[in-house]
Structures are given as structure tokens and as C-alpha cells.
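Worksheet: one structure, shown below.
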Amino acid sequence: MHPVTRRIVGVMTGSSIDGFDAALVEVEGVALDARPRLIRHHAEPLGPIAADLRAAADQRPMPAGWFARLANAFGARHVEVIERVLAGEPAPDLIAVHGQTVYHDPPDSWQLVSPAPIGARFGCRVIHDLRQADLAAGGRGAPITPLADWLLYRTECSRAVVNLGGFANVTILPPKDHPDPLPAIAGFDVCACNHVLDGLARACLDRPYDADGVVASTGVVRDDVAGSLRDALREQTRAGRALGTGDELAAWVRRHAGGSAAADLCATAVAAIAEVVAETVNTHDVADVVVAGGGTRNRTLLGSLGRGLEPRVVALGAGGIPPEAREAAAMAVLGGLSADGVPITLPAVTGRRATTPRVTADVTS
């Protein structure tokens with residue numbers, strides 16, 4: 001009998017509220033025997049809808065009709081992005097969309113998107129609301145990617161997968177021959193990352209982000225300023241934060257934006273974030289580190305993090321997955337697991353009860 005092979009599209013918009021990432025993934029096999037392979041990745045800016053999504057994440061009060069129209073328009077934008085990642089390919093067997101997190105305070109969380117336009121356009125099952133079953137089972141709803149990381153990145157040695165997104169998070173993977181791997185997988189959020197860096201870019205540079213970390217590379221780290229940011233970031237780590245909405249540490253950005261040269265402030269924030277992420281990873285015995293997420297485009301951040309993680313090997317693009325495609329590919333994998341009836345979160349990671357309903361919201365056309 002030939003193994004089941006499906007083509008699944010995953011779409012992610014992260015807490016930085018800056019762009020879409022979509023991945024077309026071929027998945028051979030089912031459940032935890034699945035073997036995913038990235039076929040294509042596509043990224044593009046959110047466009048004008050980003051302003052409304054940011055307003056929702058900032059908890060600005062709006063009429064119900066405004067939210068209904070936003071969710072529907074966001075679903076329609078997903079259709080455009082999925083058409084581009086397919087680029088003439090047949091309709092996929094399954095689509096998994098994360099939606100935009102506009103509120104997260106467990107047990108309440110909202111990943112805003114209407115999946116109906118997606119199902120109507122492509123005529124296949126659409127998985128969404130991936131966090132809700134975990135929340136209903138007493139979990140924090142995050143992080144949800146560690147099980148997907150296991151299928152995408154496992155290797156012969158222990159490994160850390162570091163995602164430099166709006167919020168930095170880490171998955172710790174045991175070797176692939178571990179006799180009981182799932183309980184040995186760890187995952188946790190660390191601290192705000194691109195929330196701070198992009199907030200500084202908007203406040204000090206009048207840009208959405210510091211492209212390639214060029215401005216930060218010209219600055220000098222201000223130790224007097226770095227200390228307060230490190231303290232705030234470490235407090236987030238100690239608190240076991242799970243997920244983030246809006247602009248984390250916006251008050252810190254506002255307080256310092258006018259008090260130092262822009263380049264120095266960008267350099268200081270990069271150094272503080274890299275230090276806190278590295279010291280967190282360094283508490284785990286891993287042989288190598290895979291770094292993914294939009295923050296990898298900031299070369300100054302990546303260089304600072306790499307120095308903090310030495311002597312470990314820091315890799316980009318492991319498993320044939322470009323660093324910017326990791327979360328979208330993970331959404332595709334989680335969608336497949338959900339369709340196969342596998343709980344997509346791990347009790348040791350999210351704190352959910354060990355037995356949980358295998359329920360994820362979906363739309364079937």
C-alpha cells in the first residue's frame with residue numbers, strides 16, 4: 001500500500017503584524033509518522049489591512065460590524081496570498097491558517113480571520129483556530145509549534161529551534177532516536193524581539209523596520225540603557241509569557257526614543273535581546289541551534305546572537321526550510337496533524353491537561 005500523500009498550505013501572520021508567510025508543504029504519511037517537505041514559500045506585506053489589525057491588537061474599541069468586516073476582508077486577503085503560493089498548482093488537499101492574534105489572555109484568545117472565503121475559493125477543508133482546544137483543556141494556547149518542529153527539524157543530535165519573531169520563542173528537541181520523544185520536547189516563549197526592534201524603527205527612523213540591521217550596526221551599545229531593557233526582557237522570561245499582542249514594551253520604546261541617538265538605541269536593543277535569548281538557550285544541553293523567523297533578516301541581531309551561543313553551531317535553513325518559512329510550514333504540519341486527529345500541543349509545553357478533545361475548528365466546502 002502506498003503511503004498517503006497530501007499537499008497542505010499553511011499561512012501565518014505573526015505578532016509583528018507586518019506580513020504574510022505562506023508555505024506549500026507535501027506531507028507523506030499521517031499523524032506522527034508524517035514526513036513533511038517544503039515545496040514553495042511565499043511572503044508579502046499585509047498591505048493596508050495591517051493598520052486595522054494593529055488597531056484591533058492594541059485593543060482600540062470598535063463596533064462589532066467593524067470586526068466582522070475586518071475578519072472577512074482578512075480572509076479574502078488570505079485567498080490572494082494562497083493563490084500566489086500555489087502559482088498555478090492544483091487546489092491543495094488542506095489549508096491551515098493561523099489568523100491574526102488580536103487578544104490573548106488565557107483562557108481567552110482570538111486569532112482573527114474568517115476562513116469562509118478561503119474554503120469557498122479552494123473547495124477544500126480549512127483548519128483554523130488552532131489554539132482553542134488547548135485553551136479549553138486548561139493550556140496557555142502557546143507555544144503551538146514544538147510538535148511541528150519535531151517533524152520538521154529533528155536530527156541525530158539534540159537541537160534548539162529559535163524563532164526570532166515579534167516575540168522570541170524556543171523549542172528544544174531531543175535526538176530523533178529518543179525512545180519516548182514527545183515528553184522530552186520543551187518549548188517556551190522568551191521575550192519580546194521584533195516588537196521592540198520594529199517599534200524603535202517606527203519611532204526613531206520613521207521606517208517599519210531596520211532593514212538588515214544596518215542602522216543598528218553603526219551604533220554603540222549604551223550600557224545604561226541596555227540594563228533596563230534586559231531587566232524587562234528577563235522578567236518576561238521568568239513570567240513564562242505565552243504569546244504577545246500589540247507592541248510589547250511600547251512604553252520602554254517611548255521612554256527612550258528621544259533620549260539617545262537612533263543608531264545607538266537600535267544597537268542597544270539588539271544587544272539586549274540577543275543576550276537574553278542566548279542565555280536562555282544556553283541553559284539547555286543542545287548540540288546545535290537552528291534560527292528562524294523574520295528577525296534573521298536583521299544581520300546585526302543574528303551576529304550578536306551567534307556570538308552569545310558559541311561554541312554551538314548556528315544554522316539557517318535546516319531541513320530545507322528557509323528561516324522565514326518556518327512558521328508557515330509549521331502551520332501546514334499542524335493542520336495535517338489536526339486533520340488526522342492528533343492533539344497538536346504538548347502538555348509539558350502549554351500546561352494543558354494530558355487528555356484533551358481532538359478538536360480544531362475547520363470549514364469544509
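The values are calculated or read from the model by the stated rules, or taken from the named source; none is laboratory data. Computed from a prediction, not measured in an experiment: that's the story for all the values here. Glycine also receives a Cβ, built like all others from the backbone with ideal geometry; neighbour counts cover every protein chain displayed.
Of the numbered criteria (1) touching a residue at least 12 places away in the same chain (Cβ under 8 Å); (2) closer than 30 Å to Thr345 by Cβ; (3) not β-branched (Val, Ile, Thr), the one Pro179 fails is (1). Among the residues of the range 75-95, at least one is buried (at least 22 other Cβ atoms within 10 Å of the Cβ), under 18 Å from Leu337 (Cα atoms) and hydrophobic (A, V, I, L, M, F, W, C). Among residues of the range 308-319 that are assigned by TED's automatic domain parsing to the domain that holds Ala271, those with a beta-carbon under 8 Å from a residue that is among the acidic types (Asp, Glu) and surrounded by fewer than 18 Cβ atoms within 10 Å (Cβ to Cβ) at least six positions away or on a different chain give the pairs Gly308/Glu279; Arg312/Asp288; Val313/Asp288; Val314/Asp288; Ala315/Asp288.
Looking across the range 1-28 at every residue that is charged (D, E, K, R) and surrounded by fewer than 22 Cβ atoms within 10 Å (Cβ to Cβ), the one that is modelled with the lowest pLDDT is identified as Asp18.
Mind checking whether some residue in the range 42-63 is buried (at least 16 other Cβ atoms within 10 Å of the Cβ), outside the structural domain of Gly295 (by TED's automatic domain parsing) and assigned to a strand (DSSP E or B)? The answer is yes, given that some residue of the range 42-63 is buried (at least 16 other Cβ atoms within 10 Å of the Cβ), outside the structural domain of Gly295 (by TED's automatic domain parsing) and assigned to a strand (DSSP E or B).
Quick check on the range 249-258. Is at least one of its residues outside the structural domain of Gly138 (by TED's automatic domain parsing) and under 21 Å from the mean Cα position of the chain (by Cα)? Within the range 249-258 (the criterion being outside the structural domain of Gly138 (by TED's automatic domain parsing) and under 21 Å from the mean Cα position of the chain (by Cα)), the answer is yes, since at least one residue qualifies. Scanning the range 143-187 for residues that are assigned to a helix (DSSP H, G or I) and more than 23 Å from Val30 (Cα to Cα) yields a count of 0.
Checking the stated criteria, Ala354 turns out not to satisfy the condition of being at negative phi, modelled with pLDDT under 90 and in contact with a Phe, Trp or Tyr (Cβ under 9 Å, 6 or more places away or on another chain). Looking at Asp231, Asp264, Asp224, Asp206, just one residue is at positive phi, over 23 Å from the mean Cα position of the chain (by Cα) and not assigned by TED's automatic domain parsing to the domain that holds Met331, and that residue is Asp206. Just one of the listed residues (Ala226, Ala232, Ala201, Ala216) is assigned to a helix (DSSP H, G or I), touching a Lys or Arg at 6+ places or on another chain (Cβ under 7 Å) and crowded, with 17+ Cβ neighbours inside 10 Å, and it is Ala201. When each of Leu301, Leu337 is tested for being assigned by TED's automatic domain parsing to the domain that holds His41, under 22 Å from the mean Cα position of the chain (by Cα) and crowded, with 23+ Cβ neighbours inside 10 Å, the lone residue that passes is Leu337.
Within the range 185-242, the set of residues being in contact (Cβ under 8 Å) with a residue 60 or more places away in the chain and acidic (Asp, Glu) comprises Asp198, Asp210, Asp212. Tallying residues that are more than 23 Å from Thr280 (Cβ to Cβ) and part of a strand (DSSP E or B) within the range 308-322 yields 0. For Leu302, the criteria (1) assigned to a helix (DSSP H, G or I); (2) closer than 25 Å to His104 by Cβ; (3) at pLDDT 90 or above hold in every case but one, which is (2). Within the range 87-117, the set of residues being touching a residue at least 24 places away in the same chain (Cβ under 8 Å), in a strand (DSSP E or B), touching a Ser or Thr at 6+ places or on another chain (Cβ under 9 Å) and not aliphatic (A, V, I, L, M) comprises Gln100, Thr101, Tyr103, His104, Ser109.
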